[in-house]
C-alpha cells in the first residue's frame, strides 16, 4: 500500500472570473518533503496556497491533500499566515494564541481543557518560547511572533505545515535560526512554504515549485540564474547563495 | 458634598435601589460584550443598532397606547428592533463587503426616523422621547429589572460557552475558518449579543449615549489587560463604577443620570488615555 502524497495536483486550472491565474498545474509533494513555492508577486502563489487550504476550488482538474479534498483535509494542515495584521492592543498572550490551534481538536463549548494547555505549552517549547508563554503577544519581537504562530499551527497536531512568506519582515540573522527550526520540524512533518525569496530558501529546502504562468517543479540543485531570470524577468539582480544538493535532487 | 445625599436616600427609595441594581446588572454584559466590540472594532455597528432601537420603542409605544397591544412592552420592542438591525447589518457586511458603512448609516437614521414618527403619532405626552434618547434609569421598575437580569445572564452564559470561538474569530478569522470554526455564524452571534447588550444599556443611559458606555470602559481596560478575561472583568468593574457614580453624582443636584454617567466615563477615558500609553 502506498501512502498518499501530501499534495497532489493534476491538470489543475484556476481563474478568477475570466482572469486565468494558474494553468495546467501538475505537481506531487511526497509526505515528509520540504518544499518551497516561489514566484514573483502576483504570480499566483497565494492562489495556489488557498487552493491547498480549500478556500478556493479549482476551475478545472484535481487537487488532493493527503488523498482527500482540501477542505476535508484542512485539520491535517497547520497553517502559518503571512504577517498577522494585528491590533497591538489585542488582549492575548503567546499561550492564548497557541491555544487557538486547539480549536477543532478540543470540545466545542466552555473553556480550554488541561490537556489543551499541556499541548499548547509543549508546542511553545518546541519553538523555543516556553518562557514567553505568559507574555503579551504584541510585546514579542517579529521573530517570536512568527514562532508563536508556528506553535499555534503545531497545536492542532498537523501532518503538514504550510507557511506563507514566513520570513517577511525578519532580519537575516533571525531568518537563519527560523529555517533551522523548520528543518528540525521537518523530521516529523511535511513542510510547504511560500516565498518570493528564492535565493535564501534554496539553501534549506529539498525542492522548489516555481509559480509563473505555469507551475514547474525543480529539484533544488537545478535552480540556475536562467530559471530565476525566466521567472522574475531579466533585470532581476541575482544574489548567489551556496546551493546545496539534496539527496533526491536530480530526478527531474 | 451633595452626592453624599444619594446614599441615605438609597435606603428610603425603592426606585433608587432598582436603578442601582439595573446599572450593576447591565455592567456585567457591558464589560463582557464591550470587550468584543472594542477588539473586533465594531463600535460603529453598535452605534447603528443602538439608534435603530428607537424604532422598536416607538412602534411598541404606539401599539400600546393606540391599539392596546400590551404584551409588546417597550423593552421587548427594543430587543426585536436591535436584533433585526443587527441581522441586516451582519448580512450586508458578509454579502456586500463594500458599502458596509453606508448601510449602517442607513439603518441608524431610518430607525430613528421611524421611531420619531411613531412617537409623534401616539397621543399623549412626548416626554417619553427624551427618556428614550437620553435614558431614565430612575424609571426602571421591578419588572424591567427581571428582564435586565435575564438578558445579562443570557449574554454572559453564551459568552462563557463560546468565548474560545469568539476570541479566535476576532483575532484571526481566516485561521479560525481553517480550524473548522463557523466564522460567519459566530460573527452573527457576536452582533446578536451586542444588540442585547445595547438594549440593556439603553435603559441606563439612553440611545444616544449608549455607545460611550459600551466601548469606553473596555477601551480603558484594554490599556491594562493582557488577557481577554482580565479585560472583561476590569471593563465590567469600571462600568459598574461609572453607572453608580453617575447615579450618585446626579441625584443631589437633580441632573440627568445618563448624561452625568457618560461625562464621568468620558473624562476617565481621556484622563487614562493621556497618562497611560501601553501595557
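Every read-out reported here was derived from the displayed coordinates using simple, explicitly stated rules and does not represent laboratory data. Because the structure is predicted, anything quoted here is derived from the model rather than measured. Virtual Cβ from ideal backbone geometry, glycine too; neighbours counted across all protein chains shown.
Label residue A:108 and residue A:171 with points 7 Å out from Cα along Cα→Cβ: what is the distance between them in nm?
Placing both labels 7 Å along Cα→Cβ, they lie 4.8 nm apart.
Mind giving me the FRET efficiency for residue A:180 and residue B:76? R0 is 56 Å, r the Cβ-Cβ distance, nearest 0.05 is fine.
Values: r = 62 Å, r/R0 = 1.11.
For R0 = 56 Å, the calculated efficiency reads 0.35.
For a protection proxy built on the mean count of beta-carbon atoms within 10 angstrom, sort A:16-29, B:5-18, B:46-59 highest first, please.
Per-residue Cβ counts within 10 Å, averaged per peptide and sorted highest first, yield B:46-59, A:16-29, B:5-18.
Please average, across the residues of A:100-110, the number of beta carbons from any other chain that are within 10 Å of each residue's own beta carbon, and give a whole number.
Whole-number average of other-chain Cβ neighbours for A:100-110 is 5.
Could you pull the Rg and Dmax for the range B:2-271, using just the Cα atoms, both in Å?
Over the range B:2-271's Cα set, Rg and Dmax evaluate to 18.3, 58 Å.
If packing is taken as the average count of other Cβ atoms within 10 Å, what order do A:8-14, B:67-73 fall into, highest mean first?
So the peptides A:8-14, B:67-73, ranked by packing, come out A:8-14, B:67-73.
Any idea how far the Cα center of the range A:65-107 sits from the one of the range B:98-173, in Å?
34 Å
Using just the alpha carbons, could you tell me how many Å³ per residue the convex hull of the protein assembly as shown encloses?
For the protein assembly as shown, the hull spanned by Cα atoms encloses 184 Å³ per residue.
Rg over Rh of the range B:189-247, using C-alpha atoms and the Kirkwood radius, what does it come to?
Using Cα coordinates only, the ratio equals 0.98.
Across peptide A:134-140, how many C-beta atoms of other chains are within 10 Å of each residue C-beta, on average?
So the per-residue partner count for this stretch is 2.
Does the range B:83-215 classify as rounded, prolate or oblate by the C-alpha gyration tensor (a ≥ b ≥ c root eigenvalues; a/c under 1.5 gives rounded; else a/b over b/c gives prolate, otherwise oblate)?
oblate
Work out, step by step, the length gained on full extension between residue B:237 and residue B:184: first 0.36 nm times the residue separation, then minus their alpha carbon distance; give nm to one decimal.
Taking residue B:237 through residue B:184 to full extension adds about 16.0 nm, to one decimal.
What number, rounded to the nearest 500 deg cm²/dmol, is the helix-based mean residue ellipticity at 222 nm of the protein assembly as shown, given -39500 (n - 2.57) per DSSP H run of at least four residues and division by all its residues?
It comes out at -18500 deg cm²/dmol, rounded to the nearest 500.
Over all residues in B:156-164, what is the mean tally of Cβ atoms on other chains that come within 10 Å of each residue's Cβ?
Average per residue, whole number: 3.
Using r as the Cβ-Cβ distance of residue B:21 and residue B:44, and R0 as 45 Å, what FRET efficiency do you calculate, to the nearest 0.05?
Efficiency, rounded to the nearest 0.05: 0.90.
Once you put a point 7 Å from the Cα of residue B:229 and another 7 Å from the Cα of residue B:67, both along the Cβ direction, what distance in nm separates them?
Roughly 4.8 nm, to one decimal.
Highest mean first, how do B:200-209, B:134-143 rank when packing is the count of other Cβ atoms within 10 Å averaged over residues?
B:200-209, B:134-143
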